[in-house]
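One structure below.
The values are calculated or read from the model by the stated rules, or taken from the named source; none is laboratory data. As the structure is a prediction and not an experimental result, all values here were calculated from the model. Here the Cβ is made from the backbone with ideal geometry for all residues, glycine too, and neighbour counts use every protein chain on show. Keep in mind that these areas ignore ligands, DNA and RNA; they rest on the heavy atoms of the full protein, side chains included. Shrake-Rupley method; radii C 1.70, N 1.55, O 1.52, S 1.80 Å.
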Amino acid sequence: MLYKNQEQIEYCLQRMGYQILEETLPDKLALIGIKERGLPLAKRLKRNLEKIVGCEILLGELNISLYQNDLSLLSTGPIIHDVEIPFGIGGRELVLVDDVLITGQTAHAAIDAIQDLGHPARIRFACLVDVKRRELPIYADYVGWKLRLTRDEQLIFKISEIDKEEGIWVEPIKR
């Protein structure tokens, strides 16, 4: 079942941009997109913010993989693959951007990776959908939608830059 369409997602990103600017000066702000689907969202937020404030907003990216397979001997948590942040983070107000917040594991790994690079003034977290299944005490400062799923449901997010279609769906888990 389609939960949100492309037009609703774009409107939500504009709203989140205004919320970010209510709390952060543009010259101190930097967005960090979490690959894979958080990065295109961060790029869209950057474009929206730049239209509003008329100056460049810095953008970096993190590539984090989650090993959720119980059979994996490699890791039981997130692994940082690469960090591309072409600016100093000291004193900056960072907003980590991801598509979906579920357990908090990815956000926690991203915060750890950022802190290894320096000491920003503040780290905030933005996500399009917050699904309340936390394993860690992590929350989003800027949220598109909050959604509760049953254990028999899954959220599917597709973004046009990667998937050639866009929307958020809630579907039964196929067992």
Open item on the list: Within 10 Å of each candidate Cβ there may be at most 16 other Cβ atoms; applying that plus a DSSP loop requirement, which chymotrypsin sites (Phe, Trp or Tyr not before Pro) in segment 104-175 survive?
Closed with: Tyr139
Open item on the list: Which of Asp152, Asp163, Asp112 ends up with the largest GNM mean-square fluctuation for the chain, with Cα atoms connected below 10 Å?
Closed with: Asp152
Task: Which listed pairs, of Lys4/Lys146; Lys4/Lys43; Lys35/Lys146, have C-alpha distances above 18 Å, in listed order - done: Lys4/Lys43; Lys35/Lys146
TODO: Give the longest segment of the chain that steers clear of GluC sites (Glu not before Pro) in DSSP loops with at most 11 neighbouring Cβ atoms within 10 Å, not counting the sites themselves.
DONE: 57-134
TODO: Collect residues whose amide H, placed 1.01 Å from N in the peptide plane, falls under 5 Å from the amide H of Glu153; neighbours closer than 5 in sequence don't count.
DONE: Ile173
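What number comes out for accessible area per residue over the chain if the probe is 1.4 Å? Units Å², please. Before the final figure, lay out the partial values.
Details: 9590 Å² over 175 residues.
The answer is 55 Å² per residue.
From Cα pairs below 8 angstrom and at least 6 apart in sequence, can you work out the relative contact order of the chain, rounded to a whole percent?
Values: 338 pairs, mean separation 39.9, N = 175.
That works out to 23 percent.
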Task: Of Cys127, Cys12, Cys55, the one that fluctuates the most in a GNM where the chain has Cα springs shorter than 10 Å - done: Cys55
TODO: Please report, largest first and rounded to whole Å, the three semi-axes of the ellipsoid equivalent to the chain, where each semi-axis is the square root of five times an eigenvalue of the C-alpha gyration tensor.
DONE: 26, 21, 14
Open item on the list: From the C-alpha coordinates alone, can you work out the Kirkwood hydrodynamic radius of segment 102-175, in Å?
Closed with: 14.2
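Grab the DSSP H runs of the chain that are 4 residues or longer, score each as -39,500 (n - 2.57), total them, divide by all residues and round the 222 nm result to the nearest 500 deg cm²/dmol. Please report the intermediate quantities before stating the final value.
Values: 4 runs with 51 residues, N = 175.
Calculated from helices alone, the mean residue ellipticity at 222 nm is -9000 deg cm²/dmol.
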